[in-house]
1. Filter region 32-56 down to residues that are touching a residue at least 40 places away in the same chain (Cβ under 8 Å) and out of contact with any Pro (no Cβ under 6 Å at 6 or more places or on another chain) and give me whichever is farthest from Gly99 (Cα to Cα).
2. What residue, of Met89, Met29, is in a helix (DSSP H, G or I) and crowded, with 22+ Cβ neighbours inside 10 Å?
3. Output the number of residues of region 173-224 satisfying the condition of being surrounded by 20 or more Cβ atoms within 10 Å (Cβ to Cβ) and assigned to a helix (DSSP H, G or I).
4. Sort out which residues of region 105-118 are open to solvent by 20 Å² or more (accessible area, probe 1.4 Å) and either free of Cβ contacts under 8 Å to residues at least 40 places away in the same chain or part of a helix (DSSP H, G or I) (or both), and write them in order of number.
5. Does region 74-87 contain at least one residue that is at pLDDT 95 or above and within 13 Å of the chain's Cα centre (by Cα)?
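The values are calculated or read from the model by the stated rules, or taken from the named source; none is laboratory data. The shown structure was predicted, so the numbers you read here are calculated from the model rather than taken from an experiment. Please note: Cβ atoms are built from the backbone with ideal geometry, for glycine as well, and neighbour counts cover all protein chains shown. Ligands, DNA and RNA are excluded from the accessible area calculation, which covers all protein heavy atoms including side chains. Shrake-Rupley method; radii C 1.70, N 1.55, O 1.52, S 1.80 Å.
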Amino acid sequence: MSSNNVYDKEHPRHLIPELCRLFYDLGWMTGSGGALSIKEGNEIYVTPSGVQKERVQPDDLFVTNLNGDELDGPPKEKKLRRSQCARLMMTAYQKRDPGAVFHTHSPSATFISILYPGNEFRITHQQMIRGVGGRYDEELVVPIIQNAHDETKTIAKMEKALDDYPNTNAVIVRRHGIYVWGESWQKVKLRCESYDYLFETAIKMKQFGLDPAEVPKGEEVAPS
């Protein structure tokens, strides 16, 4: 849980810059890419666009309501704009009601979207599936949508993916990155790390000619 006290280190104004630095160090938010958002009550705190994420400051954040209307923003002299990914993040807030939505440019997520030309990533029998909310022996399915210059088209694809995959807590955008959400920022951080591990595992399995979605001999897929 975050705090209502803006001076508390658990408040989104302090958590988001800290997480940006962490994700930058992991290579997930380089070149000003990616965006983070955390909900506090009925307000959503969102990173700005075009800012080097390791240098984001508490007063750089934008604040919106659940409809995406801007309630507060950085000092005007900073001339910052809300993240271009904010509208896609709002789609997840409106359809899933999470406590946080993170968008990273994880290289492994981007590479997975190239290795899997269809509209799904599948993997099974991996312990880290538990990290995204599943079971070791179930098949994890993550939808993949096409990237587009027209943001409206990408939003429509995101909405369709959330409708078609009601149990998913992530969507991969081809050759772009991944959106992940959950009940709290802690859950989303854990899921981002777990998804990245699973993507890296799948990439290495494919290098050895192994199918990440194939059930190991003598084991079964958990019933859905």
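1. Gly33
2. One residue alone meets the criteria, Met89.
3. Residues that pass the stated criteria total 10.
4. Pro107, Thr110, Phe111, Ile114, Leu115, Tyr116, Pro117, Gly118, listed by residue number.
5. No; the residues of region 74-87 include none that is at pLDDT 95 or above and within 13 Å of the chain's Cα centre (by Cα).
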